[in-house]
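Novice: Dropping the structure in here first, questions after.
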Amino acid sequence: MADKHTDVSAVEKIKEASRGLRGSLAPELAADTSHFEDAAAQLLKFHGVYQQDDRDTRRQRSDAGLEPDYAFMVRCKIPGGVLTADQYLVLDELAGRYGNGTLRVTTRQDNQFHGVVKGDLKRTIRALNDALVTTLGACGDVQRNVMSCPAPLPGGLRDQALAVARQISARLLPRTRAYHEIWLNGNQVAEGAPAPEPEPIYGERYLPRKFKTAIASPDDNCTDVYSNDLGFVVIPDGDSLAGFNVLVGGGLGMTHGKKVTYPRLADPLGFATPEDVVQVAEAVITVQRDYGDRRDRRHARLKYLLDDRGLDWFRAQVEQRLGRPLRPPAPVRISDVHDHLGWHDQGGGRSFYGLFVENGRIQDAEDAQLRTAVRRIVEVFRAGVHFTPQQNLLLTGIAEERRAALDAMLADHGVRPTGVISTVRRWSMACPALPTCGLALAEAERALPGVIDELEGELERLGLADVRLTVRMTGCPNGCARPYTADLAFVGRSADKYTIFVGGSVLGTTLATAYADLVPRRRLVAQVRPLLERYRVERLPGEGLGDFWCRIGVDELRNSAVAEPAP
Ligand code: SRM
Ligand code: SF4
């Protein structure tokens, strides 16, 4: 392993002193307080828990001399997003009992509970664990949830890819028993005693930064594979898996105004057989462990290591660890992407239904009782629930002849069927942002539905309502709803102002470019209108919106576009 730096970041010191992610978590959890101190809050992330406070009331509480209204986000780590009916019912129950009454499907196929108070954390995590769902490593400087296509399509390739996702996830799970001790009532290791178990892959400082892995297929990049640190693209041989093209160095986070931070798409590294794939993942992750930047967390993702040292250097490191050269990648290109919504054949007389969940929030509202509908369907049909990387869910294993009964149950609860959702809404995503996210600069989940209402009208007027396009909004430039691979994105800049990005693609193979800055929310659609009009007139046959904008270029788009004046 590389020499320890003396000037490592504060988080590195916290990890190193934590004795296998224990730190002072256990005593602080037992203390009669509403929150954890900073160092413990950092370690908490590795256990899948984020300390947050209600941003809506932060200022008033501070003015009134009150402490922030602390609550916790608990993220379940669900490889490939696949849950059994029983597991989903436990999640639903916990959302009502300890969370804020909602489940939140994430862009990495997980579920998040928001609003869990400190005193309920242990009960929440224990109940999840009893249902064989973990939160360990859902956040923190480790391998995050491994993504894989959630659609149980016939043919078996998806199942094989899911099995690989699960193997990688299991192999890269932290070995520490701290999780067991703190949340599941294992025996406590005495304070000050060294960690009793080694971390063979991570070592005592874990990784320099979060690490993300996804599996995709050439004909379906639903996992947005190029935005991951490590990606695997399925290379089929008929209905079986010949292996994977290995991609490295994707990542989207950036900071406004800091050019040294940037989104980056992954590069092809080589080819791995299904037997090799876990070993390749381990080799890649240990190169990042040993050489990733531990001084500056803004420069610590694998993408910066790749740009600093070069792909050839990186490949040589991986090959050295494998003890053999990597075969070159197979010549395939990403050709399509699916959201898997609506009815699909699953084989064996079974079907699955892809249900649209606006911005991933499964909740009951006055007009539609979505959470109740999903729970009832899972209870009655014993449906499996698979979370998609587009923040939607698939209800799986439905007997062919019961399709109509499921449709009727959705209708009874006011849930609109996929067919009536506009194309633009169906392909849109927003991150949670305010009021839970501590890093949000502007609204996202609460603002995007209104912006989409406006866009729907505009696209309809221009005759573009059927064009498949991805529109994404985030409350800050960290990129949690993957704005930089979308056709059109609104990235939070300051309260109610956004940077508009254009020119990514539905396929997730192109990066968007900043087009306009500091645009007030109410002006977003007006600002984009001239670009839509130009697309309508000048696009080539079959050309996507982002592809068109990318071809024209933002400078030319800016020159020609005169947005309507502000009212
Ligand atoms: Fe994210 C941090 C939510 C996917 C890039 N992300 C956060 C935190 C935990 C805020 C914090 O650090 O205090 C957010 C919690 C908000 C809340 O209230 O729930 C948060 N990220 C999310 C989720 C829930 C967004 C969503 O709409 O679903 C996604 C959870 C995924 C999961 O289940 O694991 C989520 N985050 C992503 C993605 C997309 C992806 O992975 O496919 C990205 C861009 C890809 C990447 O990592 O490069 C992403 N999140 C970040 C970053 C920037 C990382 C960077 O390299 O700069 C941060 C901030 C950080 O790490 O310092 C962040
Ligand atoms: Fe928070 Fe920013 Fe991620 Fe949105 S993009 S959840 S505001 S960190």
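Residues are listed down the side, and each one gets a yes or a no for (1) of a type in the set (A, V, I, L, M); (2) buried (at least 23 other Cβ atoms within 10 Å of the Cβ); (3) free of Cβ contacts under 8 Å to residues at least 60 places away in the same chain:
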| site | (1), (2), (3) |
| --- | --- |
| R126 | no, no, yes |
| L132 | yes, no, yes |
| V142 | yes, yes, no |
| P150 | no, yes, no |
| P154 | no, no, no |
| L162 | yes, no, no |
| L173 | yes, no, yes |
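Novice: Of the numbered conditions (1) away from ligand 2 (no atom under 12 Å from the Cβ); (2) surrounded by fewer than 24 Cβ atoms within 10 Å (Cβ to Cβ); (3) closer than 25 Å to R297 by Cβ, V506 fails exactly one; give the number of that condition.
Specialist: If we test V506 against (1) away from ligand 2 (no atom under 12 Å from the Cβ); (2) surrounded by fewer than 24 Cβ atoms within 10 Å (Cβ to Cβ); (3) closer than 25 Å to R297 by Cβ, just (3) comes out false.
Novice: Check off (1) within 30 Å of I235 (Cβ to Cβ); (2) open to solvent by 40 Å² or more (accessible area, probe 1.4 Å) for H340 and give me the number that stays unchecked.
Specialist: (2)
Novice: Give all pairs with beta carbons closer than 9 Å in which a residue from the range 51-75 that is without any contact (Cβ under 8 Å) to a residue 12 or more places away in the chain meets a residue that is surrounded by 15 or more Cβ atoms within 10 Å (Cβ to Cβ) and of a type in the set (D, E, K, R); count only pairs at least 6 apart in sequence or on separate chains.
Specialist: Short answer, once both residue conditions are applied: R58/D69; R61/D53; R61/D54; R61/D69.
Novice: Keeping to the range 471-494, report how many residues are within 16 Å of ligand 2 (Cβ to nearest atom) and assigned to a loop (DSSP other than H, G, I, E, B).
Specialist: 9
Novice: If I ask for residues that are aliphatic (A, V, I, L, M) and touching a Phe, Trp or Tyr at 6+ places or on another chain (Cβ under 7 Å), which ones from the range 28-81 would you list?
Specialist: As a first pass, look at the range 28-81 and keep what is aliphatic (A, V, I, L, M): 29-31, 39-41, 43-44, 49, 64, 66, 71, 73-74, 78.
Answer for the range 28-81, where residues must be aliphatic (A, V, I, L, M) and touching a Phe, Trp or Tyr at 6+ places or on another chain (Cβ under 7 Å): L44, V49, M73, V74, I78.
Novice: Mind checking which residues of the range 233-275 are in contact with a helix residue (DSSP H, G or I) (Cβ under 8 Å, 6 or more places away or on another chain), within 18 Å of A214 (Cβ to Cβ) and away from ligand 1 (no atom under 14 Å from the Cβ)?
Specialist: V233, V234, P236, L241, G243, F244, V246, D267, L269, G270, A272, P274, listed by residue number.
Novice: Before we move on, is A41 free of Cβ contacts under 8 Å to residues at least 40 places away in the same chain and open to solvent by less than 40 Å² (accessible area, probe 1.4 Å)?
Specialist: yes
Novice: Suppose we filter L441, L448, L434 for residues that are within 16 Å of ligand 1 (Cβ to nearest atom), of a type in the set (A, V, I, L, M, F, W, C) and open to solvent by 40 Å² or more (accessible area, probe 1.4 Å); which single one remains?
Specialist: Details: L448 fails: open to solvent by 40 Å² or more (accessible area, probe 1.4 Å); L434 fails: open to solvent by 40 Å² or more (accessible area, probe 1.4 Å).
Going through L441, L448, L434 in turn, just one is within 16 Å of ligand 1 (Cβ to nearest atom), of a type in the set (A, V, I, L, M, F, W, C) and open to solvent by 40 Å² or more (accessible area, probe 1.4 Å): L441.
Novice: Follow-up question, since we're still on this one. Is it the case that the range 73-95 has a residue that's of a type in the set (D, E, K, R) and closer than 27 Å to N221 by Cβ? Spell out how you get there, then give the answer.
Specialist: Filtering the range 73-95 down to residues of a type in the set (D, E, K, R) leaves 75, 77, 86, 92-93.
From the residues that got through so far, the ones that are closer than 27 Å to N221 by Cβ too are 75, 77.
Among the residues of the range 73-95, at least one is of a type in the set (D, E, K, R) and closer than 27 Å to N221 by Cβ, which makes the answer yes.
Novice: Since A383 meets every condition but one in (1) of a type in the set (G, A, S); (2) touching a helix residue (DSSP H, G or I) at 6+ places or on another chain (Cβ under 7 Å); (3) over 17 Å from H413 (Cβ atoms); (4) buried (at least 21 other Cβ atoms within 10 Å of the Cβ), which condition does it not meet?
Specialist: The single condition A383 does not satisfy is (3).
Novice: All but one of (1) among the hydrophobic types (A, V, I, L, M, F, W, C); (2) surrounded by 15 or more Cβ atoms within 10 Å (Cβ to Cβ); (3) touching a residue at least 24 places away in the same chain (Cβ under 8 Å) hold for F501, so report the exception by its number.
Specialist: Here F501 clears every test but (3).
Novice: If I go through the range 69-89 residue by residue, how many of them are within 15 Å of the chain's Cα centre (by Cα), of a type in the set (A, V, I, L, M, F, W, C) and part of a strand (DSSP E or B)?
Specialist: Within the range 69-89, the subset within 15 Å of the chain's Cα centre (by Cα) is 73-82.
Those left that are additionally of a type in the set (A, V, I, L, M, F, W, C): 73-74, 76, 78, 82.
Applying the additional criterion that residues be part of a strand (DSSP E or B) yields 73-74, 76, 82.
The number of residues fulfilling the criteria is 4.
Novice: Also, I was wondering about something else. Taking the range 326-337, which residues are over 14 Å from S217 (Cβ atoms) and surrounded by 12 or more Cβ atoms within 10 Å (Cβ to Cβ)? Walk me through how you get there before you give the answer.
Specialist: To start, the set of residues in the range 326-337 that are over 14 Å from S217 (Cβ atoms) comprises 326-329, 331.
L326, R327, P329, listed by residue number.
Novice: Which residues, taken from the range 371-380, are closer than 21 Å to R426 by Cβ, open to solvent by less than 20 Å² (accessible area, probe 1.4 Å) and in contact (Cβ under 8 Å) with a residue 40 or more places away in the chain? So that I can check it myself, show each step before the final result.
Specialist: From the range 371-380, those closer than 21 Å to R426 by Cβ are 371, 373-374, 377; that's our starting set.
Retained after the next criterion (residues that are open to solvent by less than 20 Å² (accessible area, probe 1.4 Å)): 373-374, 377.
Result: A373, V374.
Novice: Before we move on, is P389 surrounded by 15 or more Cβ atoms within 10 Å (Cβ to Cβ) and more than 27 Å from D336 (Cβ to Cβ)?
Specialist: Numbers: surrounded by 15 or more Cβ atoms within 10 Å (Cβ to Cβ): yes; more than 27 Å from D336 (Cβ to Cβ): no.
So P389 fails the test.
Novice: Which residue is surrounded by the fewest Cβ atoms within 10 Å (Cβ to Cβ), if the candidates are limited to the range 85-105 and must be β-branched (V, I, T) and touching a strand residue (DSSP E or B) at 6+ places or on another chain (Cβ under 6 Å)? Break it down stepwise before answering.
Specialist: Looking only at the range 85-105, we keep the residues that are β-branched (V, I, T), and these are 90, 102, 105.
So of that shortlist, the ones also touching a strand residue (DSSP E or B) at 6+ places or on another chain (Cβ under 6 Å) come out as 102, 105.
On the way: T102: 18, V105: 24.
The residue in question is T102.
Novice: Yes or no: R295 touching an Asp or Glu at 6+ places or on another chain (Cβ under 7 Å), open to solvent by 10 Å² or more (accessible area, probe 1.4 Å) and within 26 Å of I201 (Cα to Cα)?
Specialist: Values: touching an Asp or Glu at 6+ places or on another chain (Cβ under 7 Å): yes; open to solvent by 10 Å² or more (accessible area, probe 1.4 Å): yes; within 26 Å of I201 (Cα to Cα): yes.
Yes: the conditions hold for R295.
Novice: In the range 518-529, is there at least one residue being modelled with pLDDT of 95 or more and over 21 Å from G450 (Cβ atoms)? So that I can check it myself, show each step before the final result.
Specialist: Our first condition is that a residue be modelled with pLDDT of 95 or more; within the range 518-529, this holds for 518-529.
From what is left, the residues that are over 21 Å from G450 (Cβ atoms) are none.
No, the range 518-529 contains no residue that is modelled with pLDDT of 95 or more and over 21 Å from G450 (Cβ atoms).
Novice: Show the residue pairs that are 6+ apart or on different chains and have beta-carbon atoms under 7 Å apart, the first residue being within the range 480-497 and hydroxyl-bearing (S, T, Y), the second being near ligand 1 (Cβ under 9 Å from one of its atoms).
Specialist: Y484/L252; Y484/P263; T485/D224; T485/S227
Novice: Additional query: Go through (1) more than 21 Å from L172 (Cα to Cα); (2) open to solvent by less than 40 Å² (accessible area, probe 1.4 Å) and name the single condition Q51 misses.
Specialist: Result: Q51 fails condition (2) only.
Novice: I'd like to know if the range 409-417 contains one or more residues that are open to solvent by less than 20 Å² (accessible area, probe 1.4 Å) and either touching a helix residue (DSSP H, G or I) at 6+ places or on another chain (Cβ under 6 Å) or more than 16 Å from ligand 1 (Cβ to nearest atom) (or both). Quick ask: steps written out before the conclusion?
Specialist: First, pick out the residues of the range 409-417 that are open to solvent by less than 20 Å² (accessible area, probe 1.4 Å): 410, 415.
Next cut, either touching a helix residue (DSSP H, G or I) at 6+ places or on another chain (Cβ under 6 Å) or more than 16 Å from ligand 1 (Cβ to nearest atom) (or both) only: 410, 415.
For the range 409-417, residues open to solvent by less than 20 Å² (accessible area, probe 1.4 Å) and either touching a helix residue (DSSP H, G or I) at 6+ places or on another chain (Cβ under 6 Å) or more than 16 Å from ligand 1 (Cβ to nearest atom) (or both): present.
Novice: Among the numbered criteria (1) among the hydroxyl-bearing types (S, T, Y); (2) touching a Ser or Thr at 6+ places or on another chain (Cβ under 9 Å); (3) modelled with pLDDT under 95, which one does Y226 miss?
Specialist: The one condition Y226 does not meet is (3).
Novice: A further question on this structure: Might you let me know whether the range 182-190 holds any residue that is away from ligand 2 (no atom under 16 Å from the Cβ), of a type in the set (A, V, I, L, M, F, W, C) and loosely packed, with under 13 Cβ neighbours inside 10 Å? Give the steps one after another, and end with the answer.
Specialist: Keep residues of the range 182-190 that are away from ligand 2 (no atom under 16 Å from the Cβ), which gives 182-190.
This time we only want the ones that are of a type in the set (A, V, I, L, M, F, W, C), so: 182-184, 189-190.
Then keep just the ones that are loosely packed, with under 13 Cβ neighbours inside 10 Å; that gives 190.
Among the residues of the range 182-190, at least one is away from ligand 2 (no atom under 16 Å from the Cβ), of a type in the set (A, V, I, L, M, F, W, C) and loosely packed, with under 13 Cβ neighbours inside 10 Å, which makes the answer yes.
Novice: Can T223 be described as of a type in the set (S, T, Y), assigned to a loop (DSSP other than H, G, I, E, B) and either open to solvent by 20 Å² or more (accessible area, probe 1.4 Å) or more than 30 Å from E28 (Cα to Cα) (or both)? Step through it out loud before you land on a result.
Specialist: Numbers: of a type in the set (S, T, Y): yes; assigned to a loop (DSSP other than H, G, I, E, B): yes; either open to solvent by 20 Å² or more (accessible area, probe 1.4 Å) or more than 30 Å from E28 (Cα to Cα) (or both): yes.
In short, yes.
Novice: Could I ask something else about it? What do you reckon, is A300 of a type in the set (A, V, I, L, M), under 18 Å from R144 (Cβ atoms), open to solvent by less than 30 Å² (accessible area, probe 1.4 Å) and more than 16 Å from ligand 1 (Cβ to nearest atom)? It would help to see each step written out before you state the result.
Specialist: Details: of a type in the set (A, V, I, L, M): yes; under 18 Å from R144 (Cβ atoms): yes; open to solvent by less than 30 Å² (accessible area, probe 1.4 Å): yes; more than 16 Å from ligand 1 (Cβ to nearest atom): no.
For A300, the condition - of a type in the set (A, V, I, L, M), under 18 Å from R144 (Cβ atoms), open to solvent by less than 30 Å² (accessible area, probe 1.4 Å) and more than 16 Å from ligand 1 (Cβ to nearest atom) - is not met.
The values are calculated or read from the model by the stated rules, or taken from the named source; none is laboratory data. For clarity, every value in this text was computed on a predicted model and none was experimentally measured. Using ideal geometry, Cβ is built from the backbone for each residue, glycine included, and neighbour counts are taken over all protein chains shown. Side chains included, ligands, DNA and RNA excluded: accessible areas come from the protein's heavy atoms. Shrake-Rupley method; radii C 1.70, N 1.55, O 1.52, S 1.80 Å.
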